[in-house]
Amino acid sequence: MSEPYENRSPVRCVRVLLAEDQPLVRAGFQSILDAQPDMEVVAEAGDGLQAVELARRHRPDVCLLDIRMPGIDGLEATRRLAGRGVADPMRVVVVTTFDLDEYVHAALEGGAAGFLLKDVGPALLLEAVRAAARGDALVSPSVTVRLLRHFTAKASGPRPAREQGAAVLTERETDAVRALALGLTNVEIAERLHVSLSTVKGHLASVQAKVGARNRVDIATWAYRNGLMEW
């Protein structure tokens with residue numbers, strides 16, 4: 001189970017590492033992913049330590065990690081692969097059965113580019129993997145708004161006023177951030193703002209650099225913490 005699969009297609013695919021301690025669940029995910037023409041499972045792991053080892057060895061495009069695993073759990077594995085201070089962070093999507101706020105917060109604070117519940121269905125699973133591969137982030141819709149509000153409520157210290165939080169951004173960057181924080185994709189943001197997709201990507205890259213965000217979830221969290229979503 002720990003050895004990588006052979007390449008099955010000359011077409012450039014999203015290379016996925018799959019870590020799940022239940023063999024039947026792992027086999028189901030593997031079947032869904034490998035059935036896609038633009039994806040392939042390159043390695044499987046049954047525990048967190050093995051997942052970290054294989055991820056560092058094979059450098060997949062996306063690591064799909066369960067939370068509850070032996071050795072180290074998926075949250076610790078995420079921190080080791082994508083957390084702050086990691087020199088070359090990987091893209092991690094965390095999957096769990098449990099809709100618990102502490103899991104969501106720990107995963108995203110640990111650097112995860114996505115958080116899914118196992119009951120989301122194949123379509124959203126595939127969307128999350130593709131989003132992570134292209135540098136976006138996707139969180140199960142059932143937890144997105146609750147998550148961001150929780151981040152806002154739990155932010156330590158006095159929260160800055162809207163003008164302070166938005167001061168470092170241009171007006172169009174602020175518009176793009178607000179749309180992102182509502183869960184819109186880059187394409188949807190472009191349509192809403194009547195700009196090109198490349199312009200949206202430029203705005204968000206600029207925002208990410210200005211506020212020190214690691215990914216889209218960090219940008220959305222920053223927006224809520226700094227009052228951009230309350231006006």
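Per-residue Karplus couplings for region 104-119, computed as 6.51 cos²θ - 1.76 cosθ + 1.60 with θ equal to phi - 60°, are listed in order as 4, 4, 5, 5, 6, 5, x, x, 5, 9, x, 9, 10, 8, 5, 8 Hz, Gly and Pro entered as x. Against the empirical 2.2 N^0.38 Å (N residues), region 9-52 has a Cα radius of gyration ratio of 1.17. The mean sequence separation of alpha-carbon pairs under 8 Å and at least six residues apart, normalised by the residue count of region 21-123, gives a relative contact order of 22 percent. Each Lys and Arg contributes +1 and each Asp and Glu -1, all at the Cβ; summed about the Cα centre of region 65-120, the dipole is approximately 240 debye. Extension gain, residue 195 to residue 171: 0.36 nm times the residue separation minus the Cα-Cα distance gives 7.3 nm. The residue 38 and residue 100 beta-carbon pair, evaluated with R₀ = 25 Å, returns a calculated FRET efficiency of approximately 0.20.
In this structure, the amide hydrogen of residue 14, modeled 1.01 Å from its nitrogen in the peptide plane, lies closer than 5 angstrom to those of 39, 40, counting only residues at least 5 positions away or on a different chain. Here is the P(r) of region 87-135: all C-alpha pair distances, binned every 10 Å from 0, give 27, 54, 18, 1 in whole percents.
Taken together, the values in this text are just the output of simple stated rules run on the coordinates, not laboratory data. All values derive from a computational prediction rather than experimental measurement. Here the Cβ is made from the backbone with ideal geometry for all residues, glycine too, and neighbour counts use every protein chain on show.
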